[in-house]
Each structure stands twice: as structure tokens, then as C-alpha cells.
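Read the figures in this text as sums done on the coordinates, not as results from a lab. Just so you know, these numbers come straight off a predicted model, no measurement behind them. Cβ placement follows ideal geometry from the backbone for every residue including glycine, while neighbour counts extend to all protein chains displayed.
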Amino acid sequence: MALPFSRLHDAMSTDTYGHRLSVFSDRNFKYLMVAPGILILLLVGIFPLIYSLVVSFQNITMTDVDTSFQGLLNYKQLFRDARLWQALGHTALITAIALPLELVLGFLLAQLFLERMPGRQIFVALLVLPTVLSPIVAGATWRLMFDVRFGPIGQIVSYFAGEPVTLLWTVNPSLVYPAIIICEVWQWTPFMFLLLLAALSNVDQSQLEAAELDGASYWRVLRQIIMPAIKPVVAIAVLIRGLDLFRIFDIIWALTEGGPGSMTETISLYTYVIGFTQFDTSYTAAVAFLVVALLSVIVTLVLRRMELVK
Amino acid sequence: MTALTRRQRRALTLAMRYLIAVAVTLLFLFPVYWLFMISFKTPEEIFHVPPLWLPGQIQFNNYWVLFKDGDVVAILNSLIVAGTSSVIAMVLGTFCAYSLARFNTGGENLAMWIISQRMIPPMAVVFPIFLIYVHFGMVDTFSGLILLYTAFNLPYVIWMMRGYIADIPLELEESALVDGCTRWQVIWKVVFPMARSGLMATAVFTFVFAWNDFLFALILTRTEVITFPVQLTHYMGGQSNFWAKIAAMSVLGTLPIFVAVTIMQRYLVRGISLGAVKG
């Protein structure tokens, strides 16, 4: 498609000042530029969702490819599926514990490194490393760390306990969640730390000094000056991490594979199990659609509220 | 005992901060250290009770085994898939971003929709994609995985580059247009050079996201295009874990990321906060 550059030039030469936006008013050009990207997003983002919606109204299982429409059969099953709601519960549990922990630890770390100190950049660069690891590597690493006989965690705990302690981190029902949360918090606290460090560095220094002169307590300064100033960043950080935690899969796959039993099965793991080991195709599509619908609504509302879009 | 002077107090505080900083850093790096160290250990050292905190000597046999058995193909696959998809996503995404930033194409609704695409849980999307891929014979192919990672990274690229391009003063482009440049020349000669660091940083993160992904690769590969995270899980079994291979493969798959991110340190905050924090 030929682009009318020459016409644009004519417009330019006669209209240099005054109509700034007229420079960028070429319709074809701007749509041509977005077309390929949007096409791929529609192809890989939207088309599967529509496909998924269609399949969810059919009744395709491992043994029976039944493409006749069954109405809301699969959606009714959602409400009877205890394991699904347990998986959602597990996901919520991990999120509810890990997210505040990461936020608080990240904040404390950011406070520690807020004031300039020689070598601060090096500390920050090193602390960031867990966050950029592949989550599956993080999970694998902690699996080696937690090993009963050959891992160092048991050894360290035994040392402090003064007697041999056997901790079956990935098998013992009361230890699996702590194990997952330790790994998760270890990997993502640096993420919170980085964002909060940037946010805290941008807090208005003159306000802090004024508060100090007035003899305001630390808590008052924190509540009335620091908190409001870093709130937008905290909101973004919580949103990003919240969404990540909602889809948590890799770390758990490496540590427990959802076990023991289905004790640590999150919504992503459950979807994997019914879709790729039980091949309950239509029902999986319904679950997937439920998750997307649920999250789309939440994300849209949160994004609008937070005014992330300028 | 006399009270400390202000100066002494300050020095003491700094010393305390250093102490805590070193302790925290060691705590956070210990698992990484443990991983690297296992990769240098001999089998006897790995399965020693109690665990040894230092290998007897640095030896690279664990890595050599990966090369000898051909397991490093997984790293190569990761490199091809992550590299190609990043390049495609960067090209298509940057053009989209330019249109969004300069023409406000589609308004805020389009921008919102694009970033919301990023936030949909992969597991929910990958299932129907798997069904479609099976239909078209695209499971376990390079093109299938590359297409998926391109689509997965596009919203990120568009969103980030939209921010970086918006940071470039409009006047520069205007004067280039006035000087007789065509629109493509403006993009090529003004926008790209001005946004170079943003482009680099975004490309690195795009690569890292694709490189680190496990879920898509687990579901959409079988034998031909296994990426390194999937290969890693093949070493984990119920009874026998191939510890040496897990450690060595993890290190091989992690070193490039560490190097890339360390170089891009300055853009890290902006990159991981979806542009919300300009650090």
C-alpha cells in the first residue's frame, strides 16, 4: 500500500506552526503500524478464548468426542466440583500469605538501603538475582535445599536444635505450604524491594525534613507522608504480584507437583491435571473460561481504579 | 562511659547497616550459591551426609556430561525460541507502540485491552491453544512455540515502548519532518536512536520472559523443541533425582539471564514494573 507521504509534505510546508497535530494525522499509516501486532494478539489471545467457550458448551472427554451442544452442563459441574474450589482456596491461601510477606520484607529491605552507602549498587545487583531466575529453577533449587538427607536446611535446623531433626518439607502436610511460601517469598521479595526502593527514593525530602523538625514520630511520618507518596507504586506492585500468584504453577510443580495428594494443588495445577492427564476437554475449557472471566473483570476494575492508564 | 559524639553515632549506624546488609545478601544468595556449588561437586560429594558446603575441587564433569549426552540441545532450543520470538515481538510491538504513542490509535481502550492481554493467566489460554495446535499439527514445532511467545510478549513490548517513545520530545520528529524526512525515515533516524536504550532493555526482558517460561513449553513441546526448563523437570523423578544434572542445567540456563540483567540494571525497575516506576 502506497503511503501518501508527498501529500503530507505539502501539508507540512504550509502548516509548520499552529497545527502541531496535523503532522500526525495520516490515517492509513497509523493503522498499518498496529495491524500486524493486533492481528497476532487476536489470533493467539482472543480466538482461543472463543474456541474455548464453544468447546465448554460441548461434551468432549477422553473417551468420547461429543461435539453436540450440551448447554450449561459443564458450568453446572463447576459448582459441584469440590476439588476446583479447594484449588482456588489453595491459590488464595498462598497469595494471602506470600503477598503481604513479600511486601513487608521488601519494604524493610528498601528502608535498609534507602540512605546512600558505599557499595549499595552491588548489594542491590546481587539481591535482584533470585527474581530474574526462571521460577522452575527457583523451585528446583529449593527442592535441593530442602532435601532431607543431602540438603543444607535440615542440617542447619539440626545444628540450632542441637539434635538431628528430620524435616520432610515436600511430603509432610504441615510443612509443604511453608516450603512453597519460603521459595516464593525468597524469589519475589527482591521484586518488591526494587520497586519500593525506587518509590521511597522519590518521596519528597523537604516534607520529611519538615516533619523531623516538628518532632513527628516515625509512625506518623510513615502514615502521613511516606505511605501516601508510595501508594501508587505499592498498588502496581501488588497488582503484578497478585496476578502472578494467582497463576502460580512452576514453583509448585518443581517442589511438590501439587502433592501430597492434591494438598497444594492450585488452580493452574488443577487445570493442567484435568486438561492434560484426565483429558476432560470440555470441562477444562469451562474451568479455563471461568478463570479468565473472573480475572478479566477484576483486572479491568482494578486497572481503571488505579488509573494505571494515563 | 561518655556519650558518643554525633559522628561516632553515625559511623556506628553505618556499620550496623552494613552488617545487616551483608547478612541479608548472604541469606538471599545462599540458595544460588548452593545450586552453583552442587554443579561443581562429584556424585560422592553431592550425596555426602552431612552435606558439604564446599566442593573438594572445582570440576566441570557435570557440565561435560550435559554436552556429551546432548542435553544442551535444550539450551539451544531455548535460545532459538526466545531469541526469534523476541526479535519478532520487538519489531511488531515497537511499530504498534509508535502508533499508539504518537497517533493515540484506538485511544485508551486499545491500550487497556493490550495490557489486559498480558494479565490473563497463561494456563487458561494455553489449553484452547493446545487444542488448536493439535488440530494444525503445530505442537512440538519451533514455529508454534515462537508464535506463542511472540503473542505473549507483544503486550509487554507495546506497553513498554509506548512509554519510552512518549518520552522522546515530539519537536525532534517534527523538525525532521520539516527537514523533508519521510515518516519511515523519521522512525528510523530519530525514534529508534532516541529510544535505543529503551529498546535494548525491553528486548532483554522480552527474551528473559520467553527464556524463563515453563508452562507453555511443558504443554506445547514433546521431544523436538524441549526448552531448558522442561528438560530440567525431566531430571526430577519420584525416587531418583539427577542432582548433578539439575544443578548444571540450572546454572547453564541461569548464567545468560544474570549477565543480561546485570548489564540492564539501570532499566530493571522500569522493566519489571510495567513502566509504572521509572526508577
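For A:V273, the shell of other residues with beta-carbons less than 11 Å away shows a net charge of -2, using +1 for Lys and Arg and -1 for Asp and Glu. Annotated for the protein assembly as shown: lysine pairs at least 8 residues apart or interchain, Cα distance under 17 Å, count 5. Direction-averaged projected area, Cα convex hull, segment B:6-59: 5.0 nm², rounded to one decimal.
Shape summary: segment B:127-191 maps onto an equivalent ellipsoid whose semi-axes, from the alpha-carbon gyration tensor, are 40, 13, 7 Å in decreasing order. Just checking the listed ones, B:R17, B:R118, B:R222: in the Gaussian network model of chain B with Cα springs under 10 Å, the one fluctuating most is B:R17. Footprinting exposure proxy ranking of B:V49, B:V72, fewest other C-beta atoms within 10 angstrom first, gives B:V49, B:V72. Entry note, chain B: the mean residue ellipticity at 222 nm calculated from DSSP H runs of n ≥ 4, each adding -39500 (n - 2.57), is -23000 deg cm²/dmol after division by the residues and rounding to the nearest 500. Per residue of B:96-108, other chain Cβ atoms within 10 Å of the residue Cβ number 5 on average.
Place a +1 charge on the Cβ of each Lys and Arg in the protein assembly as shown and a -1 charge on the Cβ of each Asp and Glu, then give the dipole magnitude about the Cα centre in debye, rounded to the nearest 20. Write down the numbers at each step before the final one.
On the way: 37 positive and 34 negative charges, 256 e Å.
Roughly 1240 debye for the protein assembly as shown.
Short-range pairs are left out: with C-alpha atoms under 8 Å and at least six residues apart, the relative contact order of segment A:43-91 is 23 percent. Note on A:232-240: average number of Cβ atoms from other chains within 10 Å of each residue's Cβ is 3. Here segment A:195-260 and segment A:53-112 have alpha carbon centers that stand 27 Å from each other. Reported to the nearest whole Å, the Cα centre-to-centre distance from segment B:214-279 to segment B:73-96 is 15. FRET efficiency for the B:Q59 to A:M62 pair, using the beta carbon distance and R₀ = 41 Å, is estimated at 0.30. This ranking places A:I153, B:I38, A:I298 by how few other beta-carbon atoms lie within 10 Å of each, fewest first, which gives A:I298, A:I153, B:I38. The local environment of A:R220, defined by Cβ-Cβ distances under 15 Å, has a net charge of -2 under the rule Lys, Arg +1 and Asp, Glu -1.
The dipole here belongs to segment A:32-177: it is taken about the Cα centre, uses +1 on the Cβ of Lys and Arg and -1 on the Cβ of Asp and Glu, and is about 160 debye. Round to the nearest 0.05 the FRET efficiency obtained for B:K278 and B:L170 when R0 = 22 Å and r is the Cβ-Cβ distance. Calculated transfer efficiency: 0.75. Close amide H pairs (under 5 Å, H built 1.01 Å from N) link A:N59 with A:D66, A:S68, residues at least 5 positions away or on another chain.
Between A:A96 and B:D179, the C-beta separation translates, for a Förster distance of 60 Å, into a calculated FRET efficiency of about 0.55.
Top mean-square fluctuation among B:F36, B:F205, B:F136, Gaussian network model of chain B, C-alpha springs under 10 Å? So, out of B:F36, B:F205, B:F136, the one fluctuating most is B:F136. Sorting A:117-124, A:205-212 by average packing, meaning the other beta carbons within 10 Å per residue, from highest down gives A:117-124, A:205-212.
For segment B:6-59, the dipole from Cβ point charges (+1 on Lys and Arg, -1 on Asp and Glu) about the Cα centre works out to 800 debye, to the nearest 20.
The share of C-alpha pairs in segment B:36-142 whose separation exceeds 23 Å stands at 61 percent.
Neighbour counts of C-beta atoms inside 10 Å place A:E265, A:E163, B:E45 in the sequence A:E163, B:E45, A:E265, starting with the fewest.
Taking 0.36 nm per residue of separation and subtracting the current Cα-Cα distance, fully stretching the chain between B:L29 and B:L79 would add 15.4 nm.
Computed over chain A with a Gaussian network model linking Cα atoms closer than 10 Å, the most mobile of A:F29, A:F246, A:F79 is A:F29. Helix content alone sets the calculated 222 nm mean residue ellipticity of chain A: runs of n ≥ 4 DSSP H residues at -39500 (n - 2.57) each, divided across all residues, give -22500 deg cm²/dmol.
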